[in-house]
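Encoded as structure tokens, the structure appears first; notes follow it.
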Amino acid sequence: MANERHYSAADRLLLQADAALRTLLPFSGKPYRPSPAQSEPETQLDAGQARHVAGLMRVNHTGEVCAQALYQGQSLTARLPQVRGAMEQAANEEVDHLAWCEQRIRELDSRPSLLNPLFYGLSFGIGAAAGLISDRVSLGFVAATEDQVCKHLDDHLGQLPEEDRKSRAILEQMRIDERQHAATALEAGGLHFPAPVKFGMSLLSKVMTKTTYRI
Ligand SMILES: [Fe+2]
Ligand SMILES: [Fe+2]
């Protein structure tokens, strides 16, 4: 504990505000790894296809906004330092996902969801509440969320035009990372959530996907 840093309440508030702004302001998150789309060729999508792909990538981007908020909320209330340690690499990879999705959305001449601040607030609250209950619940929540995200990614990979190799490369790498995040959270002691809780989470994620595809 001796080398753990201690922050005052005001410091913590500032750190949280900084993280929220870095998530919500355009082009403010710097990725740790270059986008997997970078090495893929651009394709000419027709207007309808481009709109659809932008909608899908907007949903994925909001999912990543939620991931940022969840990790931030959790880090505020998690008790065990090893929980933060275990999830730190995951949190860094979420920054990559966020930046990659945003970049792709812009390439498709679209913009991230206007509802992002709302979903950030919601997810932050859920993350903080889960962390208050216990670290195991909090990690279980991460694992269940990542499972949900993988389902979305599979669905979206099925819907992407075959020739859109850039969007595809991003979602494929994200899928690899999210699988690993779920496994890490469970290995760190995360609870396996019962089906009704998972069902509630999938309803919530349906609301998110339906709204952010358009707005
Ligand atoms: Fe992610
Ligand atoms: Fe993740």
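Give the angle, between 0 and 90 degrees and rounded to the nearest 10, that separates the Cα long axis of helix 135-159 from the longest principal axis of the Cα atoms of the chain.
That works out to roughly 0 degrees.
Return the distance in nm (one decimal) between the two label points of a simple spin-label model at Ile176 and Arg111, each offset 7 Å from Cα along Cα→Cβ.
3.4 nm
Let's test the formula: R0 of 22 Å, r as the Cβ-Cβ distance of Thr43 and Arg214. What FRET efficiency results, to the nearest 0.05? Working shown, then result.
Working: r = 24 Å, r/R0 = 1.07.
Efficiency for this residue pair is about 0.40.
Picking from His156, His97, His192, which is most flexible by a Gaussian network model of the chain using Cα springs under 10 Å?
His192
Rounding to the nearest 20 debye, state how big the charge dipole of the stretch 45-213 is about its Cα centre with +1 on each Lys and Arg Cβ and -1 on each Asp and Glu Cβ. Walk me through the intermediate numbers first.
Values: 17 positive and 21 negative charges, 101 e Å.
In total the dipole reaches around 480 debye.
Each residue of the stretch 66-73 in order: what ³J(HN,Hα) in whole Hz does its phi give by Karplus 6.51 cos²θ - 1.76 cosθ + 1.60, θ = phi - 60°, with x for Gly and Pro?
Result, rounded to whole Hz: 4, 4, 4, 5, 4, 5, 5, x.
Using only the Cα atoms of the stretch 1-111, build the gyration tensor, take square roots of its eigenvalues as a ≥ b ≥ c, and label the shape rounded, prolate or oblate: rounded if a/c is under 1.5, else prolate if a/b is larger than b/c, else oblate.
Details: a/c = 2.99, a/b = 2.39, b/c = 1.25.
Here the stretch 1-111 falls in the prolate category.
Tell me the carbon and sulfur percent of the accessible area for the stretch 44-185, rounded to whole percent, probe radius 1.4 Å. Write out the running numbers ahead of the final one.
Numbers: 3100 of 5580 Å².
For the stretch 44-185, the apolar C and S fraction of the accessible surface comes to 56 percent.
Let me check against my output: what whole-number percent is the relative contact order of the chain, with C-alpha pairs under 8 Å and at least 6 apart? Mind dumping the intermediate values first?
Details: 278 pairs, mean separation 62.8, N = 215.
Value for the chain: 29 percent.
If one takes the longest principal axis of the Cα atoms in the chain, at what angle in degrees, from 0 to 90 and to the nearest 10, does the Cα axis of helix 9-24 lie?
Helix 9-24 sits at roughly 10 degrees to that axis.
Just tell me which lysines come within less than 16 Å, Cα to Cα, of Lys198; anything on the same chain fewer than 8 places away is out.
Output for Lys198: Lys151, Lys206.
Accessible area per residue of the chain at 1.4 Å probe, in Å²? Spell out each step's value before the answer.
Details: 11130 Å² over 215 residues.
I get 52 Å² per residue for the chain.
So what are the stretch 45-213's ellipsoid semi-axes, whole angstrom, largest first, if each one is the square root of 5 times an eigenvalue of the alpha-carbon gyration tensor? Write down the numbers at each step before the final one.
On the way: eigenvalues 156, 46, 41 Å².
Each semi-axis is √(5λ); the values are 28, 15, 14 Å.
Taking Cα atoms, how many degrees apart are the long axis of helix 81-107 and the longest axis of the chain, rounded to 10 and kept between 0 and 90?
The helix 81-107 is inclined about 20 degrees to the chain.
Restricting to DSSP H runs of at least four residues, report the calculated mean residue ellipticity at 222 nm for the chain, -39500 (n - 2.57) per run over all residues, nearest 500 deg cm²/dmol.
On the way: 7 runs with 158 residues, N = 215.
Value at 222 nm, helices only, nearest 500: -25500 deg cm²/dmol.
Looking at the chain as a GNM with Cα springs under 10 Å, which of Ala195, Ala17, Ala130 has the largest mean-square fluctuation?
Most flexible of the set in this elastic network: Ala195.
The values are calculated or read from the model by the stated rules, or taken from the named source; none is laboratory data. Source: prediction; values computed, not measured. Every residue, glycine among them, receives a Cβ derived from its backbone with ideal geometry; neighbour counts consider all protein chains shown. Areas reflect the complete protein model, heavy atoms only, side chains present, ligands, DNA and RNA absent. Shrake-Rupley method; radii C 1.70, N 1.55, O 1.52, S 1.80 Å.
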